[in-house]
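Q: The structure is given below, and queries will be raised subsequently.
We did not get these values from a lab; they are worked out from the coordinates using the rules stated. Keep in mind the model is a prediction, meaning the values are calculated, not measured. Here the Cβ is made from the backbone with ideal geometry for all residues, glycine too, and neighbour counts use every protein chain on show.
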Amino acid sequence: MHILLLAAWLSVTNQFHWRISSPLISPATRTDDPCVAVKDPSVVFAEGRWHLFCTIRSQKRSHAIEYLSFTDWRDADKSPRHILSCWDGYFCAPQVFYFTPHKKWYLIFQMSDPTHKPQPYFPAFSTTTTISDPASWSKPSPLLDAKPAGPKAWLDFWVIADEQHAYLFFTSLDGKMWRTRTALTDFPRGWGAVELALQANIFEASHTYKLKGTNQYLTVVEAQNAGGGWRSYKAFLAERLDGPWRAFAATFASMDNCRPTGPRWTDNISHIELLRTGCDEQMEVDPSNWRVVFQGVLDRDRAGKKYGEIPWRLGLLEP
């Protein structure tokens, strides 16, 4: 799509309609620690394969990160599962990308370490030069040591870069999205003051992307009980990663605009990740070729359960 036509399209189009695939990835069967849910997907296409990282919730270990790789989404559930061994405690909500200046893969996540001071819960990262080797990830290191004074909470950390800076975004479960940044040459250290980036009827899991062929950035953020299901997604646009965000789509993805293509298996659209055009730190997506991976569950299957017991599965959304 020509850049001028695309810019015009973005200025007037905020109506999305999606087809829901069948469930493509379900919790793995493990007799030693039965898996309850597979959720929080982050995925890149590299070396001719999809590489997917996700949170798993199990009966004994509450939060861990799992890796699987496949060439065809229809075969994803048959892929070998690997729980990352770089940390044996709580870590989850991964984001994966290739950081070009370092020629390394980065995995961003939230983790807990009781020995870490001043706070045990913080955003962290691991690195590898071989994304296909789940045993190669480095021991986690903190991105920031302690929660800043402003946010009520912090979770679902997300990194994106422009030509000069890397930005860290996160949400705080109270309608707010926050940001901080560091010079690209200082990443993953050197973060500045945390600022309020967006305040709206949002909840968690903000993911930010560069729209190919435009000067626009897209943020999608999960909402709770905002219409179209218990969990749904809104979208916002900005011309700069440090600039103001404006509402773009009150319903980016919800059960109001998502249609099952087979038996209904979800009443919720949660923790989405847009499939990117590449795999680097600029997080580019093509608005003429939307594809989205998400976690879903039927309301009847989550009824009466604690959040950690909800049996999330993963599927795709396509226009």
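Q: Give me the net charge for the shell around Trp178: Cβ to Cβ below 13 angstrom, other residues only, Lys and Arg +1, Asp and Glu -1.
A: 0
Q: What is the sum of charges, Lys and Arg at +1 and Asp and Glu at -1, for the other residues whose Cβ falls under 15 Å from the Cβ of Ile83?
A: 0
Q: In a Gaussian network model over the chain where Cα atoms closer than 10 Å are linked, find which of Ala197, Ala124, Ala46 has the largest mean-square fluctuation.
A: Greatest mean-square fluctuation among the candidates belongs to Ala46.
Q: Also, quick follow-up: What are the ³J(HN,Hα) couplings of segment 192-197, residue after residue, when phi is run through the Karplus curve with 6.51, -1.76, 1.60 and θ = phi - 60°? Round to Hz, x for glycine and proline.
A: Each residue of segment 192-197 in turn: x, 5, 7, 10, 6, 9 Hz.
Q: Moving on to the next point. For each of Tyr307, Tyr67, count neighbouring Cβ atoms within 10 Å of the residue's Cβ, then give the residues from fewest to most. Walk me through the intermediate numbers first.
A: Values: Tyr307 9, Tyr67 23.
Ordered by Cβ neighbours within 10 Å, fewest first: Tyr307, Tyr67.
Q: Suppose R0 equals 25 Å; then what is the FRET efficiency for Ala146 and Asp301 from their Cβ-Cβ distance, rounded to the nearest 0.05?
A: Details: r = 37 Å, r/R0 = 1.49.
Efficiency for this residue pair is about 0.10.
Q: Normalised by the residues of segment 3-318, what does the relative contact order come to in percent, with Cα pairs under 8 Å and at least six apart?
A: Dividing the mean separation by the residue count of segment 3-318 yields 19 percent.
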